[in-house]
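Read through the structure below, which is laid out as C-alpha cells, and then see the notes.
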Amino acid sequence: MPLSLQALTNKLYQVRHLWAVISFALGLSSYFLVERQPWLAAVLTGFLVFSWLLLLTEGLWQQRFAGTAMEGVSQGFLKLMLQAVHQEAFFFSLPFVLLQWSGGAEYIFFTTLVISAALVSIIDPVYFWLARHRALYFGFHAWALFVALLVLLPLIFHWSTDSALTWAGWLTALFALPSFWRFGGPRKWFRWAGLIAVSCVIALAPRWLAPLVPPLTLSLEERAMALSFSRSERKPLVKGEVFTSEEVAQGLYAYTAIKAPLGLGQDVYHYWFHDGEQVDRIPLKVYGGRESGFRTWSHKRHIPVPSQGRWRVEVRTEDNQIIGVMRFYITP
C-alpha cells in the first residue's frame, strides 16, 4: 500500500502543473459558454469542495499515519493535492478577471493579487516556501477560496454579484477556520478571541472593500451614447462621443449590453457624472443568459445647463462595483 500511494504521489508530482492549464481552459470555456454550459463550473465546484475537505481533515491524516511508513507519503500527497486546488481556484477564475476587467484603476490591486497568486501556485520553490509558513499559507488558502467563490456562486446558484461578494466573505471565513486554528496554537481564551476577530474581519472585509473588487461574472459587451433610441429594436440611433448643447437639449441615451450567467438577475445602475460630479443615478434590471448581453438603457431627459464639459456614465452594481464606463463630451 505505501508503495502504491508513493507511486501515485510521484505521478501527481510529475504532472503537477497540468492542472493549471486544464483549470485555465475550463475557466475560459465557462466565460464564453456561460449562458449555455454552467455545468463546467459545477464540475469544478465539486472538485473544489472535495479538495477543501481534504484540507479540513489534515489533522486527522497526520494523526492516523503518525509514526508509520505512510506518514511522509501522506503528507506529500496532501501537499500536491492542495497545490492542485490552489492552481484550480486561481486559474479557473483568471479568465474572468482578465476578460471582464473594466479597465478601471480601482481593480489594479485585485487583478495584480490574483495574477501573482496564480504564478506562485505553479512556481514550486516559492509555493513550498510559502507552505512552510503557516500564517502566510493560511492567507493564501483563504484568498484562493474567496476568488473562486466570486465566480462559482453566480455561475452555480445564480446569485447576484452583490450576494456572491457577501457570501464569499462569510464562507471563506468559515472554511478557513481550521487553518487559523492550527496557526493559533494553544486554545486559550485569547486565542479564541483572536480567532473570532480575524474571522469577522475576513467575513466583513469584502463589504468594506466592495468598490475594489470587480463583478467577475458581469461584463459590458456593448455600450453607446445616443441622441435617439429605437425601443422596438432595442438599439441606439445617432450614436457619438461628442455632442453639442443644442443636440442634447431633448436628452441623451446611455445604452449598455451586459453579459451575465444564465438564470442570474440583478439590479444595476447608470451613474451620470458631469465634470466629476454625480448628477443622476438611474436603476435598471439585468437578466443573464443572452450571448451578446442583456440590452438595457437609461434616458436622461434633463441635461443640466450649462451642459458643456466632460461627461461619463458608470455602470455599477448595488455594491458600487463598476461593470464599465462610457465617456463623452458636450461642447458649447
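So here's what we get for this one:
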item: Residue check, Val73 at pLDDT below 80, surrounded by 17 or more Cβ atoms within 10 Å (Cβ to Cβ) and assigned to a helix (DSSP H, G or I); result: yes
item: Yes/no for Gly184 being at pLDDT 85 or above and outside the structural domain of Ile258 (by TED's automatic domain parsing); result: no
item: Top-ranked residue in the range 306-327 [being touching a strand residue (DSSP E or B) at 6+ places or on another chain (Cβ under 7 Å) and farther than 23 Å from Gly251 by Cα; ranked as surrounded by the fewest Cβ atoms within 10 Å (Cβ to Cβ)]; result: Glu318
item: Any hit, the range 97-108, residues being surrounded by 16 or more Cβ atoms within 10 Å (Cβ to Cβ), within 11 Å of the chain's Cα centre (by Cα) and β-branched (Val, Ile, Thr); result: yes
item: Test: residue in the range 106-119 that is at pLDDT below 85 and either of a type in the set (A, V, I, L, M) or not in a helix (DSSP H, G or I) (or both); result: no
item: Residue in the range 254-270 that is more than 26 Å from Thr111 (Cα to Cα), out of contact with any Cys (no Cβ under 6 Å at 6 or more places or on another chain) and surrounded by fewer than 16 Cβ atoms within 10 Å (Cβ to Cβ) present; result: no
item: Tally of residues being closer than 26 Å to Arg207 by Cβ and part of a strand (DSSP E or B) across the range 297-332; result: 10
item: Some residue of the range 129-139 being in contact with a Lys or Arg (Cβ under 8 Å, 6 or more places away or on another chain) and more than 13 Å from Pro215 (Cα to Cα); result: yes
item: Of all residues making up the range 232-253, the number that are surrounded by 13 or more Cβ atoms within 10 Å (Cβ to Cβ), more than 19 Å from Val315 (Cα to Cα) and charged (D, E, K, R); result: 1
item: Subset of the range 302-321 (residues that are farther than 16 Å from Pro283 by Cβ and in contact with a Gly (Cβ under 8 Å, 6 or more places away or on another chain)); result: His302, Ile303, Arg310
item: Residue in the range 205-218 that is nearest to Ala164 (Cα to Cα), counting only those that are out of contact with any Phe, Trp or Tyr (no Cβ under 9 Å at 6 or more places or on another chain), in a helix (DSSP H, G or I) and of a type outside the set (Gly, Ala, Ser); result: Arg207
item: Residue match in the range 291-301 (condition: crowded, with 20+ Cβ neighbours inside 10 Å, of a type in the set (Lys, Arg) and under 19 Å from Arg234 (Cβ atoms)); result: no
item: Residue in the range 295-312 that is of a type outside the set (Lys, Arg), within 31 Å of the chain's Cα centre (by Cα) and closer than 20 Å to Asp162 by Cα present; result: yes
item: Residue in the range 233-241 that is in contact with a strand residue (DSSP E or B) (Cβ under 7 Å, 6 or more places away or on another chain), modelled with pLDDT of 85 or more, in a helix (DSSP H, G or I) and not assigned by TED's automatic domain parsing to the domain that holds Phe91 present; result: no
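The values are calculated or read from the model by the stated rules, or taken from the named source; none is laboratory data. The structure presented is a predicted model; accordingly, all values stated were derived computationally and were not measured. Please note: Cβ atoms are built from the backbone with ideal geometry, for glycine as well, and neighbour counts cover all protein chains shown.
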